[in-house]
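Since the structure comes first, as structure tokens, the remarks are kept for the end.
No lab work stands behind these numbers, since they all come straight from the coordinates. Worth saying up front: this structure is predicted, and the values here are computed from it rather than measured. Here the Cβ positions follow ideal geometry from the backbone for every residue, glycine too, while neighbour counts run over all protein chains shown.
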Amino acid sequence: MNDNLFDSPWVQSPQIYSVQELIKTVEPVNYPRGSGLARQRLDLLEVSYRQWVRDIVDLAEFKHCYFVNGVTDALNQWIATETRPWQYLQGDYEYARMIGGKGECVDEIQPDTLLYISNPACATGNVIELDKIENDVILDCAYVGTTSKHRILLPKNTEQIWFSFSKGWGLIGQRSGLVFSKRPHRSLNIMKRVEAWNYTSVEICLAILANYDIDTVYNEYKQKQLDVCTEMNLTPSDCFFIANSTHEEYAKRRRIGNIARLDLSKLLR
């Protein structure tokens, strides 16, 4: 294995030059708490985001929206308030395993137990079919924005859906994400009432929505991904900066079975 290339088990997300330049144009903002100005901007982001992702996922049933510091924060807030035992699949987002709670790692989905799962799948970057699942579901969609407009059909008992601006646009340091929920969130609803979120990050997200379509970056980088995969004999993921391989030389990057997830970010700059 080229250890300088695939030296981390985590994906880094490519830094998109045009996005970095756009961030420089966004002025820091602050509003007096209770003025309603921060809430107006968040409401605008919510309405705009629902429209932005409409070709991928229908959020009509998820009436409640909250701004979070990325999907990691969404997971923290959920674990802190979740009382039920839950399960997650081998190879899914490792942070769920790190903080644990009542989560159990499983090889196959067990019936009647709350399921945390990512789609596109963290283990491979590929969109997976989940709509036939009967379990209650917490759905992590952090990789939306890194794929084509591939329709994600939701399990009927999905309770929350999480989105991130880190993966598709490289906003690692801005810590920006959204939680959509069918019911008021136990902790985030309290924070929303007192306007406790990052106001400037909301402005950055609004700028992203105003300047990019949901699949703009994917379309820009997809051919580069295909070229790299052809050259290195890798299998391209649905996510534009991920490749998969069953080759033994990448065994240390295997996340599920014999499939290794490889981060191509360093090759897409």
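Within straight-line reach of K252, meaning a Cα separation under 20 Å, sit the following lysines at least 8 residues removed in sequence or on another chain: K266.
Seen through its C-alpha gyration tensor, with square-root eigenvalues sorted a ≥ b ≥ c, segment 112-269 comes out oblate because a/c lies at 1.5 or above while a/b is not bigger than b/c.
The lysine pair count for segment 18-211, using Cα distances under 18 Å and pairs eight or more places apart or on different chains, is 7.
If you sort the three axes of the alpha carbon gyration tensor as a ≥ b ≥ c, you get a/c of 1.5 or more for segment 89-173 and a/b no higher than b/c, which makes it oblate. One quarter of the surface of the convex hull around the alpha-carbon atoms of segment 18-211 equals 10.5 nm², the direction-averaged projected area. Packing here is the average count of other Cβ atoms within 10 Å per residue, and on that basis the peptides 50-57, 159-166, highest first, run 159-166, 50-57.
Ordering H247, H185 from the fewest to the most neighbouring beta carbons within 10 Å gives H247, H185. The simple spin-label model puts a point 7 Å past each Cα toward its Cβ; for A210 and Y95 those points are separated by 2.8 nm. Mean residue ellipticity, 222 nm, helices only, the chain: the sum of -39500 (n - 2.57) across DSSP H runs of n ≥ 4, divided by residue count and rounded to 500, is -9000 deg cm²/dmol. Per residue, the average separation of C-alpha pairs within less than 8 Å and at least 6 apart gives segment 18-211 a relative contact order of 29 percent. Residue ranges 258-268, 25-35 sort as 258-268, 25-35 when ordered by packing (mean number of other C-beta atoms within 10 Å per residue, highest first).
With a cut-off of 15 Å between beta carbons, the residues surrounding I23 carry a summed charge of -1, where Lys and Arg count +1 and Asp and Glu -1.
In a fully extended conformation the segment linking V47 and Y31 would gain 3.7 nm over its present Cα-Cα distance, using 0.36 nm per residue.
Taking amide H atoms as placed 1.01 Å from N in the peptide plane, the amide H of T158 lies under 5 Å from those of V137, each 5 or more residues away in sequence or on another chain.
For G125, the shell of other residues with beta-carbons less than 9 Å away shows a net charge of 0, using +1 for Lys and Arg and -1 for Asp and Glu. Here's the picture: a label point sits 7 Å out from the Cα of T83 along the beta-carbon direction, and within segment 111-146 the residues with their amide nitrogen under 20 Å of it are 112-116, 136-138.
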